[in-house]
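Q: Mind having a look at this structure? Questions to follow.
The values are calculated or read from the model by the stated rules, or taken from the named source; none is laboratory data. Just so you know, these numbers come straight off a predicted model, no measurement behind them. Note that we place each Cβ from the backbone using ideal geometry, even for glycine, and neighbour counts take in every protein chain shown. For the accessible areas, the whole protein counts, side chains as well, though only heavy atoms, and no ligand, DNA or RNA atoms are used. Shrake-Rupley method; radii C 1.70, N 1.55, O 1.52, S 1.80 Å.
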Amino acid sequence: MDLVSRRTMLAAPCFGTLAIAVAADATTARTPGTLANLSTWMDLASVPGASWAMLNGSGAISGGAVGYAKANAVPATPDTLFEAASLSKVVLAVAVHDMVREGMIGLDRPVAEHVAFTDDAATRSITPRHLLSHSSGLPNWRDEAGEPLTAAFPPGTRFRYSGEGFVLLGRLVEAVTGQTAAQVVETRVLRPAGMSRSTYGWARGTEPAVAWAHDGGGGVLIDKGPAGYAMRRDAGPPKPVDRWMLGERAKAAVALGKPAMPIFMTPNMAAGLWTTASDYARFLAFARRYPGLSTKTTRVKGTLDWGLGWGMESDGGRRFAWHWGANDGVANLFVVDLVSGAAVVVLTNGDAGRKVYERAARTVFAREFDAFAWLK
């Protein structure tokens, strides 16, 4: 998401011992040797906490947590919820693929057949295939009231990363089903994948174990993360946020003095999931049922392409799927070896978490990734 001004509470990060727990379907509780230095990397990067998981080719999962959910105050555990940020997009993508499989959505039918979202003729030709592959030409985010949603180039001709595009996918899901996109994801993905901890939010008067967001020096961002979520939740109707329809999401944003634009709405289907690394590893195992995710669709650069839901890197006989996530004070990554099925998930609650997850991926797969050089 776009960076905005922040108020921080200074807190020097320090790290406790590695907290290990095993997912229900895991085979070992030992920290993989490739991640043995995770806490050291975090300390060097001033990242207070991380949730990690490893998935092997047979589907067995091990996972745990390192450091703090809130710097120097609350330890992270394997059950601590972290913001998935843009890893949320892939979860929505799988729900869309499931609906495509049932004939409820056509990958090559214009979204405008179901959702009135633009007055521009070329933009009305955008299809779910364009949105899933980030080739729609739509912007990442709009933040000005009345700003039109318009493609910057003919849809399907090149790559342009777009959070707005995935919010539009969510609106398509809602138009077709009559349910909120969050409800559809829960039914089609979270429950069948066994993601029992994952959620788009929690009710007033309750707060699960959640990770706070932190700046690049490890200071708590007191108006981001769970505090920011609670503020947005309390501005809307009292029912669960995953039941809020578009009009309710818009009213809640306006109540906080923001324009009714997707970046200010809750839940944000492009970036609003809360999860654990082990839950997300379960999702990656579940996602194997949808090979369409790995259909190379949009050329990015060099060895990089975008499939129908996630990024792809191909080098010789090796093929990887990946996605990163970055909200304020949050940095996440997963990488899947598409040949062996092995995967790593690293969720962090620090602005500098990219330094940690890149090191983890390089170490786990014993290689460099061109995707890291490409990321801005």
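Q: Using a Förster radius of 25 Å, what is the FRET efficiency between R158 and R367 based on their Cβ-Cβ separation? Nearest 0.05, please.
A: 0.35
Q: While we're looking at this one, here's another question. Below 12 angstrom from the Cβ of A255, what's the summed charge of the other residues (Lys, Arg +1; Asp, Glu -1)? Numbers along the way, then the final one.
A: On the way: positive: R232, R233, R249, K251, K258; negative: D234, E248.
Cβ neighbours under 12 Å give a net charge of +3.
Q: Return the single residue from M231, M195, M99 with maximal mean-square fluctuation; model: Gaussian network over the chain, springs between Cα atoms under 10 Å.
A: Most flexible of the set in this elastic network: M231.
Q: Kindly rank 366-373, 181-188, 164-171, 256-263 from highest to lowest mean number of other beta carbons found within 10 Å of each residue. Write out the running numbers ahead of the final one.
A: On the way: 366-373: 14.8, 181-188: 22.1, 164-171: 25.8, 256-263: 16.5.
Output ranking for 366-373, 181-188, 164-171, 256-263: 164-171, 181-188, 256-263, 366-373.
Q: For the range 178-233 and the range 254-283, compute the distance between their C-alpha centroids and round to whole Å.
A: 7
Q: Along the charge dipole of the chain, which of G216, F82, S340 sits closest to the positive end, that is, farthest toward it, with unit charges on the beta carbon of Lys, Arg, Asp and Glu (+1, +1, -1, -1)?
A: The residue sitting most towards the positive pole is S340.
Q: At 7 Å along the Cα-to-beta-carbon direction for both T187 and K251, put a label point, then send me their distance in nm to one decimal.
A: So the two model labels end up 2.4 nm from each other.
Q: Equivalent-ellipsoid semi-axes (√(5λ), Cα gyration tensor) for the range 234-324, whole Å, largest first? Don't jump to the answer; show the numbers that get you there.
A: Values: eigenvalues 243, 54, 21 Å².
So the equivalent ellipsoid measures 35, 16, 10 Å along its semi-axes.
Q: Beta carbons within 10 angstrom, averaged per residue: use that to sort the peptides 58-71, 146-159, highest first.
A: Result, highest mean Cβ count within 10 Å first: 58-71, 146-159.
Q: How big is D, in µm² s⁻¹, for the range 39-91 by Stokes-Einstein at 25 °C and 0.890 mPa s if Rh is the Kirkwood radius over C-alpha pairs? Walk me through the intermediate numbers first.
A: On the way: Rh = 12.4 Å.
D = 197 µm²/s.
Q: Moving on to the next point. Students often get this wrong, so check it: of K70/K251; K301/K355; K301/K376, which have C-alpha atoms separated by over 19 Å? Show your work: numbers first, answer last.
A: Details: K70/K251 31 Å; K301/K355 22 Å; K301/K376 13 Å.
Pairs exceeding the cut-off: K70/K251; K301/K355.
Q: For the range 291-334 and the range 60-128, what is the separation of their C-alpha centers, rounded to whole Å?
A: Measuring centre to centre over Cα atoms gives 14 Å.
Q: Would you kindly work out the equivalent ellipsoid of the chain from its C-alpha gyration tensor and give its semi-axes, the square roots of five times the eigenvalues, largest first in whole Å? Present the calculation step by step, with values, prior to reporting the outcome.
A: Working: eigenvalues 181, 124, 72 Å².
Ellipsoid half-lengths, sorted descending, are 30, 25, 19 Å.
Q: Could you work out the Kirkwood radius for the range 275-376, taking every pair of different alpha carbons, averaging 1/r and inverting it, reported in Å?
A: On the way: mean 1/r = 0.0720 Å⁻¹.
After inverting the mean inverse Cα-Cα distance, the result is 13.9 Å.
Q: Let me ask something additional. Compute the relative contact order of the chain as a whole-number percentage, counting only Cα pairs closer than 8 Å that sit 6 or more residues apart in sequence. Walk me through the numbers on the way to the answer.
A: Values: 880 pairs, mean separation 91.7, N = 376.
Once normalised by length, the contact order is 24 percent.
Q: Taking the mean number of other Cβ atoms within 10 Å as a proxy for protection, how do you rank 33-39, 267-273, 104-110 from highest to lowest?
A: Numbers: 33-39: 17.1, 267-273: 26.4, 104-110: 15.3.
So the order, starting with the most tightly packed, is 267-273, 33-39, 104-110.
Q: Hey, what's the range 144-239 come to in accessible area per residue, 1.4 Å probe, Å²?
A: 40
Q: Out of G329, G219, G205, any idea which swings most in a Gaussian network model of the chain, alpha carbons joined below 10 Å?
A: G205
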